[in-house]
Amino acid sequence: MPSKNMIPKGQRHHTVRPQYVAERFAEPVEPLVVPTVEFEDDGEDAIRSFPADVAAAGMRLDAYLAQALPDISRARVQILIEAGQVKVDGAVPKAKAKLKGGETIEIEGQPQLEPLHAIPEDIPLQIVYEDEYLAVVNKPAGMMVHAGAGSTDDERNRGTLVNAVLFHMGKTADSLSGVGGELRPGIVHRLDKQTSGLIVVAKDDVTHRRLGEMFSERRVSKTYLTLAHGELKKADTTVSLPIARDLVRRIRMTTRRGDGRSAVSHFHVLERLDTPYGKFTFVEVKIETGRTHQIRVHLQSLGHPVVGDTLYGAPHVVRLTKEPNVEPLELERNFLHAARLAFVHPRTEEEMEFEAPLAEELVEFLEKIKG
């Protein structure tokens with residue numbers, strides 16, 4: 001029997017859609033003012049304590065922490081709560097507990113995710129450079145760097161860069177750098193699944209930690225190539241908008257929250273293309289920071305999303321502007337490529353610089369839109 005509270009069937013779409021649009025495109029609200037908690041830089045047993053903002057009154061604990069802790073998803077917040085690693089005024093609460101505002105919240109340690117033990121897999125791998133300490137790999141688009149967390153499904157731990165690297169080096173996860181944990185042995189930094197290009201892998205813990213320090217201190221030069229929709233007017237543009245997780249669509253990042261982490265991207269126009277499919281700009285990007293989806297989010301903030309990046313507003317297909325009946329073009333990946341990587345070798349102190357040419361499918365796409 002239908003519930004008396006259920007929305008009538010014919011009204012469901014019309015009721016939910018405006019609400020979603022209103023939430024998604026509403027003006028940014030004043031962010032909650034709480035101390036930032038950085039899980040990745042603290043020790044395993046660290047206890048972090050901070051007062052709940054008065055604006056948290058009436059909010060669920062898990063929803064409040066997901067907003068107050070940058071880059072920590074609600075799922076991971078719930079893992080912390082369920083494991084008893086969160087206390088409110090000294091008591092262990094439930095995720096759905098309602099806050100009054102002003103309580104003392106303590107968080108102990110980091111989320112203890114279910115590990116996925118990486119195994120070697122015979123997957124083709126393009127090694128650009130390799131020595132006894134590290135390797136530089138040209139990752140293809142479509143390959144995840146490492147498996148996702150929070151699942152015991154072995155299938156999710158297949159086909160990743162970690163699996164390929166372990167096979168190539170003839171090692172197990174235990175014999176590669178363990179700084180990144182069982183889930184991502186040797187992985188110092190990441191590239192999005194649909195981004196191709198250069199990534200460095202550490203073979204031992206000392207190399208891993210030194211590379212990690214170099215990345216955090218911005219002593220690694222990272223240069224990308226991308227194709228953006230529309231015409232960037234300025235030859236050089238710097239975007240320094242902070243980046244945080246989108247509160248409505250959790251798989252996205254956004255520049256519309258005031259409590260995001262600092263992010264700096266420098267865009268340099270290489271070529272402006274006025275094609276039968278519209279206007280595009282071929283851009284070189286240098287990033288000072290390495291936030292999740294940074295280049296994609298910053299280009300979206302300029303109104304010029306990356307070609308193929310439907311998550312941030314790019315169309316699914318590119319159509320001829322004057323001949324709508326001609327077959328449209330489709331790029332089944334983001335037009336984003338990590339083209340150059342430069343750093344001082346953490347063990348030999350030799351200056352290293354590597355380049356990877358555009359992937360074939362990106363070259364072909366450029367040729368097609370030029371007609």
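Nothing in this text is a laboratory measurement; each read-out follows from the coordinates by a stated rule. Just so it is clear, the structure is predicted and the values come from calculations on it, not from any experiment.
For q values of 0.17, 0.27 Å⁻¹, compute log₁₀ I(q)/I(0) with the Debye formula on a Cα-only model of the range 46-111, without solvent.
Cα-only, vacuum Debye calculation for the range 46-111: -0.48, -1.37.
Please list, in order along the range 341-358, the HN-Hα scalar couplings obtained from phi with the Karplus expression 6.51 cos²θ - 1.76 cosθ + 1.60 (θ = phi - 60°), rounded to whole Hz, x for Gly and Pro.
Each residue's phi maps through the Karplus curve to give 9, 9, 6, 8, 4, x, 10, 9, 6, 7, 6, 10, 8, 10, 10, 10, x, 3 Hz.
In Å³ and rounded to a whole number, note down the convex hull volume per residue for the Cα atoms of the range 221-355.
Roughly 134 Å³ of hull volume per residue.
Once amide H atoms are placed 1.01 Å from N in the peptide plane, what residues at a sequence separation of 5 or more from Val344, or on another chain, have their amide H within under 5 Å of its amide H?
Residues meeting the criterion, in which the H sits 1.01 Å from N, are Met352.
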